[in-house]
Amino acid sequence: EEISEVAYDGFRPPAEGIAPPGIPGYEEGLCENCRYDQDAAQEAFDDWKAEGNELTEPIRIQLNPGAGWEDPVQIIIDNLSQIGIEATAEPLDAETYFSQLAEGACQICRSGWYADYPTYDNFTYDLFHTDAIDGNNHGRYSNPEFDRLVDEAKANPDEEAAGEAYREAERILLNEDFGVLPVLEYRGDYVYNPDIVTNFEQTPLGIVLYEQVTVSG
């Protein structure tokens with residue numbers, strides 16, 4: 001919520017999963033840990049340390065500089081600091097940022113995604129399946145059960161049954177493995193003067209139909 005309000009004036013709402021509303025199979029509330037709860041975070045971290053674990057160096061958060069992510073990353077660093085976790089921003093070269101992530105530079109890295117197609121597998125298979133390692137699976141997440149459920153869903157022509165398999169895979173990703181930390185949803189936030197710019201249409205996939213835009217005055 002703080003990132004949404006401070007960095008984007010509320011135009012990009014907090015995300016609670018990897019697939020956004022409108023994707024066939026989407027269901028609200030799949031993520032059990034996607035709301036800010038400092039007390040629960042402190043308890044989890046204390047329990048982790050009580051089991052004999054320790055952080056020997058700050059967590060590195062990779063970001064592509066100059067793209068407006070400095071403030072969101074700093075908010076995350078401040079949140080972690082409040083429960084005793086030290087973290088630091090690690091800006092990488094903007095021109096090669098995503099290729100560096102694909103090659104393994106990600107510890108906790110800033111990444112985003114616009115769907116190529118309005119399908120659930122575009123958010124599961126393309127981003128978190130083992131097949132996507134060295135590609136768009138920047139965190140190099142791999143879980144055989146997740147892969148099995150996604151493969152099963154992709155091959156199932158029954159939309160309802162496929163949706164349930166995709167959701168079960170997402171529950172594993174979010175709630176058991178913590179393979180991704182949803183932050184915000186893109187909402188196509190553009191600013192223009194409607195008295196001058198007209199026919200400014202945007203598809204559900206975030207594509208602006210610039211060939212239809214008209215400018216007057």
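The values are calculated or read from the model by the stated rules, or taken from the named source; none is laboratory data. Predicted, not measured: the structure shown is a model, and the values here were computed from it. Heads up, the Cβs are rebuilt from the backbone with ideal geometry, glycines too, and the neighbour counts pull from every protein chain shown. When the accessible area is computed, the model is the full protein with side chains, heavy atoms only, and any ligands, DNA or RNA have been set aside. Shrake-Rupley method; radii C 1.70, N 1.55, O 1.52, S 1.80 Å.
Here is how the numbers come out for the structure above:
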{"quantity": "Verdict on Gln107 being within 25 Å of Ala169 (Cβ to Cβ), surrounded by fewer than 19 Cβ atoms within 10 Å (Cβ to Cβ) and either touching a Ser or Thr at 6+ places or on another chain (Cβ under 7 Å) or at pLDDT 95 or above (or both)", "calculated": "yes"}
{"quantity": "In segment 171-202, the residues that are farther than 23 Å from Asn137 by Cα and either at pLDDT 95 or above or of a type in the set (Lys, Arg) (or both)", "calculated": "none"}
{"quantity": "Residue pairs meeting the criteria (Cβ under 6 Å; at least 6 apart or on separate chains; first farther than 18 Å from Gln74 by Cβ, in segment 108-119; second open to solvent by 30 Å² or more (accessible area, probe 1.4 Å))", "calculated": "Ala115/Leu205"}
{"quantity": "Candidates Pro72, Pro65 - the one that is under 25 Å from Glu1 (Cα atoms), in contact (Cβ under 8 Å) with a residue 12 or more places away in the chain and in a helix (DSSP H, G or I)", "calculated": "Pro72"}
{"quantity": "Total residues in segment 184-213, condition open to solvent by less than 60 Å² (accessible area, probe 1.4 Å) and either in contact (Cβ under 8 Å) with a residue 60 or more places away in the chain or of a type in the set (D, E, K, R) (or both)", "calculated": "4"}
{"quantity": "Top-ranked residue of segment 138-161 - restricted to ones that are closer than 17 Å to Val180 by Cβ and touching a Phe, Trp or Tyr at 6+ places or on another chain (Cβ under 6 Å), ranked as surrounded by the fewest Cβ atoms within 10 Å (Cβ to Cβ)", "calculated": "Tyr141"}
{"quantity": "Filter pass, Asn175 being touching a Cys at 6+ places or on another chain (Cβ under 8 Å), within 24 Å of Arg12 (Cβ to Cβ) and surrounded by fewer than 15 Cβ atoms within 10 Å (Cβ to Cβ)", "calculated": "yes"}
{"quantity": "Any hit, segment 82-94, residues being surrounded by fewer than 16 Cβ atoms within 10 Å (Cβ to Cβ) and either under 30 Å from Tyr166 (Cβ atoms) or at pLDDT below 95 (or both)", "calculated": "yes"}
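Conditions tested, residue by residue: (1) assigned to a helix (DSSP H, G or I); (2) free of Cβ contacts under 8 Å to residues at least 40 places away in the same chain; (3) open to solvent by 70 Å² or more (accessible area, probe 1.4 Å).
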position	(1), (2), (3)
Phe11	no, no, yes
Glu16	no, no, no
Ile23	no, no, no
Gly29	no, yes, no
Glu32	no, no, yes
Ala40	yes, yes, no
Ile61	no, no, no
Ile77	yes, yes, no
Leu80	yes, yes, no
